[in-house]
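Here is the structure we will look at.
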Amino acid sequence: MALEQRLQRIRVWDLPTRLFHWGLVLAVTVAVLSAKLGGNAMVWHMRAGYCVLALLGFRVLWGVVGGRWSRFSRFVYGPAALWRYLRHQARAGDRFEVGHNPLGALSVLAMLAWLLLQAASGLIADDQIATAGPLVAKVSSATSEVWTAHHTTWGQWGVFGLLGLHIAAILFHRWIKKKDLLGPMLSGDQLLAEPVEPARDAWPQRLLALALLALSGLAVAWLVGAVGSGVGP
Ligand code: HEM
Ligand code: HEM
């Protein structure tokens, strides 16, 4: 109880980062379920895939200009820092307990990169029956075949593997390390013994995030030909 009182509530995940996360959860879930249903549901598969792309584009921009603890510069650690974290040898100035820890950061980067590859390969995937990505005509049939094979084998297995690890890591922290990671991804706040500078999370930042999401969405719409040709995805 005494310790609880000394802990300070610090904003680490700004609202845009949290909405990005739960939006990504929704879009990936719809993409996977609709792909497994197949048939008419493939229309939703492609739409959900475009949402994943737009969200990832937003997250890359937010990783540069977003809230303090959402920036890549804050959570892309070198091997030396990772080693210190794994050996429990943090040195003065290390704040591994705030935001993504060095190991968690690796899994976050792997998830972002693998999902990007999965969605991008979908754009040139073709099931040779009824569903083809919008950019299939832009590549040779050999290239499309290779990436369709990737999309439906290593691509999806990699997504499932990384998501399995993600959930396992969160449960491991909860049950073994007694650290709640989920709470901050819902409320935005972490309880910390030593104060750190919080992420700025007011309306100017949120409006900027909205503009960046719109920009990313427009870029995806342009890429898949929905803007300009007048044909919806
Ligand atoms: C399709 C499913 C999911 C995907 C694609 C996904 C993806 C991600 C990504 C990319 C991040 C990094 C956030 C960022 O810095 O922008 C993240 C963090 C996080 N996710 Fe998920 N996630 C999924 C499901 C879940 C579920 C079901 C939970 C809750 C049990 C969850 C809880 C968290 C938490 C707590 C973090 C922060 C981890 C930390 O403190 O380092 N995620 N997730
Ligand atoms: C991260 C986003 C995505 C995920 C997780 C995902 C996942 C999947 C999965 C699990 C399958 C079914 C594989 C099977 O047969 O079991 C599939 C098939 C397919 N996906 Fe995606 N996909 C994504 C994005 C996209 C996008 C953006 C497009 C195109 C706009 C796309 C186009 C296709 C096509 C055409 C197939 C059928 C391929 C075939 O059966 O040969 N996907 N995807």
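Being touching a residue at least 12 places away in the same chain (Cβ under 8 Å), at negative phi and loosely packed, with under 14 Cβ neighbours inside 10 Å is a property that holds for ALA130.
Counting residues in the stretch 94-107 that are part of a helix (DSSP H, G or I), under 24 Å from TRP147 (Cα atoms) and small (Gly, Ala, Ser) gives one or more.
Answer yes or no as to whether LEU56 is within 26 Å of THR153 (Cα to Cα), of a type outside the set (Val, Ile, Thr) and in a helix (DSSP H, G or I). Answer is yes for this residue.
Kindly evaluate ALA92 against the criterion of being out of contact with any strand residue (DSSP E or B) (no Cβ under 8 Å at 6 or more places or on another chain) and either away from ligand 2 (no atom under 16 Å from the Cβ) or under 22 Å from LEU55 (Cα atoms) (or both). When the stated conditions are applied, ALA92 passes them.
Would you confirm whether any residue within the stretch 53-67 is over 29 Å from PRO198 (Cα atoms), surrounded by 19 or more Cβ atoms within 10 Å (Cβ to Cβ) and more than 10 Å from ligand 1 (Cβ to nearest atom)? Taking every residue of the stretch 53-67 in turn, none turns out to be over 29 Å from PRO198 (Cα atoms), surrounded by 19 or more Cβ atoms within 10 Å (Cβ to Cβ) and more than 10 Å from ligand 1 (Cβ to nearest atom).
Annotation note: of LEU208, LEU218, LEU171, the sole residue that is under 30 Å from ASP94 (Cβ atoms) and without any contact (Cβ under 8 Å) to a residue 12 or more places away in the chain is LEU171. Scan the stretch 163-186 and give yes if some residue there is within 13 Å of ligand 2 (Cβ to nearest atom) and under 19 Å from PHE20 (Cα atoms), otherwise no. Checking the stretch 163-186: at least one residue is within 13 Å of ligand 2 (Cβ to nearest atom) and under 19 Å from PHE20 (Cα atoms). The number of residues in the stretch 81-98 being in contact with a helix residue (DSSP H, G or I) (Cβ under 8 Å, 6 or more places away or on another chain) and in contact (Cβ under 8 Å) with a residue 24 or more places away in the chain comes to 2. Only one entry in VAL32, VAL12 is out of contact with any helix residue (DSSP H, G or I) (no Cβ under 7 Å at 6 or more places or on another chain) and of a type in the set (Val, Ile, Thr), namely VAL32. Identify all residues within the stretch 78-131 that are more than 16 Å from ligand 1 (Cβ to nearest atom) and either touching a Ser or Thr at 6+ places or on another chain (Cβ under 8 Å) or acidic (Asp, Glu) (or both); write none if there are none. Correct list: SER121, ILE124, ALA125, ASP126, ASP127. So which residues in the stretch 33-59 are free of Cβ contacts under 8 Å to residues at least 60 places away in the same chain and of a type in the set (Val, Ile, Thr)? Once the filter is applied, which keeps residues that are free of Cβ contacts under 8 Å to residues at least 60 places away in the same chain and of a type in the set (Val, Ile, Thr), the stretch 33-59 yields only VAL43.
Just the residues that are among the hydroxyl-bearing types (Ser, Thr, Tyr) and within 8 Å of ligand 1 (Cβ to nearest atom), please, taken from the stretch 15-47. Within the stretch 15-47, THR17, THR29 meet the criteria. For the structure I just gave you, tell me whether LEU116 is within 16 Å of ligand 2 (Cβ to nearest atom) and of a type outside the set (Asp, Glu). Taking the combined requirement at face value, the residue satisfies it. Provide a single number: the residues in the stretch 9-52 that are in a loop (DSSP other than H, G, I, E, B), within 11 Å of ligand 2 (Cβ to nearest atom) and crowded, with 17+ Cβ neighbours inside 10 Å. Final tally of qualifying residues: 0.
Each reported figure results from applying straightforward, stated rules to the coordinates on display, with no laboratory input. Owing to the predicted nature of the structure, the values given are computational and were not obtained by experimental measurement. Note that each Cβ is placed from the backbone with ideal geometry, even for glycine, and that neighbours are counted across all protein chains shown.
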